[in-house]
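A short write-up of the structure that comes next.
The values are calculated or read from the model by the stated rules, or taken from the named source; none is laboratory data. The structure displayed is predicted, hence computed values, not measured ones. Neighbour counts are summed over all protein chains in view; Cβ atoms, including those assigned to glycine, are modelled from backbone coordinates with ideal geometry.
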Amino acid sequence: MSLSIVYITSREEPMLRWFFDSLARQVKHPQRVVVVDFFGRKWGDSRLDVVSVPPMPNVWNGPHRLTKEDWFNPAAFRNTGICHCPNDFIAFVDDVSVLMPGWIECVAEAEAKQYVVCGAYRKVKNILVEDGLVKGYQESSNDNRLAYRHGGAESCGGQWLYGCSCAGPISAFLKVGGWPEGLSCGCGFEDIPMGLLLQNSGADIRYDPRMMTFESEEHHQNLKVFIRRDKGVSPADKSHAILHKAQVSKHLDNPSIPQGIAALREHILAGGEFPVPTEPQHDWYDNQLISEMA
């Protein structure tokens, strides 16, 4: 496999050991894992090839923000992972998650056939994990897509893509401009728009319920507080404007990455550093100064 797995977190306790143990059980050789950690901690596991990095400088959160407080921007975290991915295939996983048996086989199948795969998830309570295996849990909430698909990987629309567990050719993510940070900024609505961009650009997208992760409901509450806010009144609001723009786009430029995600990735893989962006200065939706956003 030529695979990099991007794991993002902004939690004080991301339960990363669950992920490391569950992945190590499923792979024969060390896999590249890029941990993008808001707190900049160094993580490692002797069984895996782990790279720990902070999220790239951006105007929405972190030390280079223009906003008065930190705003939610997971797209920047995932784009950071893309830039540290030297492989031809990339997967994305959220924190406080356990990979269920068979997860890596589904990714390998998608890599062999070169499609974007959308994994499934379950949110559970009182989860007990031992050596990467789930030994007990209580049901909380299920992935609503599971009601429609029960077998292997089947074709689906881009709106079925959730960032908590997905994978695809790195070329597909580069083609659309990376995760749409410039579009979803501060709103926290980047998953479905990314799926729609991939769909519009011609990617083969499939949902695979066998590619399952379990997420801890309780540990989801242990999160650094980021501001996440829609603007306007539904349906005339920012989230619907994001959706409408993604529905008619094959590629979106990111004002924070004027050279484009592909060129930035080449720069980072060659040993370069992330530039500190000064754009955008305004929220594209209503032209409000980002520096005035509290």
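Results, tabulated for the structure shown:
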quantity	calculated
Residue among Gly195, Gly186 that is under 19 Å from the mean Cα position of the chain (by Cα), part of a helix (DSSP H, G or I) and in contact (Cβ under 8 Å) with a residue 12 or more places away in the chain	Gly195
Some residue of the range 209-217 being of a type outside the set (Gly, Ala, Ser) and part of a loop (DSSP other than H, G, I, E, B)	yes
Test: residue in the range 204-221 that is without any contact (Cβ under 8 Å) to a residue 12 or more places away in the chain and within 19 Å of the chain's Cα centre (by Cα)	yes
Any strands (runs of 3 or more DSSP E) falling wholly within the range 68-158 and containing at least 2 residues that are of a type in the set (Gly, Ala, Ser)	116-130, 133-142
So Asp45, is it free of Cβ contacts under 8 Å to residues at least 40 places away in the same chain and under 16 Å from the mean Cα position of the chain (by Cα)	no
Hits in the range 234-267 (condition: assigned to a helix (DSSP H, G or I) and acidic (Asp, Glu))	Glu266
Boolean, Pro275 is modelled with pLDDT under 95, closer than 23 Å to Phe173 by Cα and not in a helix (DSSP H, G or I)	no
Any hit, the range 212-225, residues being of a type outside the set (Lys, Arg) and farther than 30 Å from Ile127 by Cα	no
Some residue of the range 132-139 being at pLDDT below 95, touching a Lys or Arg at 6+ places or on another chain (Cβ under 9 Å) and not aromatic (Phe, Trp, Tyr)	yes
Filter result (modelled with pLDDT of 95 or more and either crowded, with 22+ Cβ neighbours inside 10 Å or in contact with a Lys or Arg (Cβ under 8 Å, 6 or more places away or on another chain) (or both)) within the range 207-221	Tyr207, Asp208, Pro209, Met211, Met212, Thr213, Phe214, Glu215, Ser216
Tally, over the range 140-153, of residues that are surrounded by 14 or more Cβ atoms within 10 Å (Cβ to Cβ), touching a Lys or Arg at 6+ places or on another chain (Cβ under 9 Å) and not polar (S, T, N, Q)	3
Tally of residues being in a loop (DSSP other than H, G, I, E, B), closer than 16 Å to Cys83 by Cβ and not aliphatic (A, V, I, L, M) across the range 163-183	4
Flag for Lys224 being in contact (Cβ under 8 Å) with a residue 60 or more places away in the chain, within 30 Å of Pro169 (Cα to Cα) and surrounded by fewer than 19 Cβ atoms within 10 Å (Cβ to Cβ)	no
Residue, surrounded by the fewest Cβ atoms within 10 Å (Cβ to Cβ), within the range 1-52, restricted to residues that are of a type in the set (Gly, Ala, Ser) and farther than 16 Å from Ala167 by Cα	Ser46
All positions within the range 45-66 that are in a strand (DSSP E or B) and in contact with a helix residue (DSSP H, G or I) (Cβ under 9 Å, 6 or more places away or on another chain)	Val50, Val53
Residues being in contact with a strand residue (DSSP E or B) (Cβ under 8 Å, 6 or more places away or on another chain), more than 18 Å from Glu292 (Cβ to Cβ) and assigned to a loop (DSSP other than H, G, I, E, B) - total across the range 218-233	1
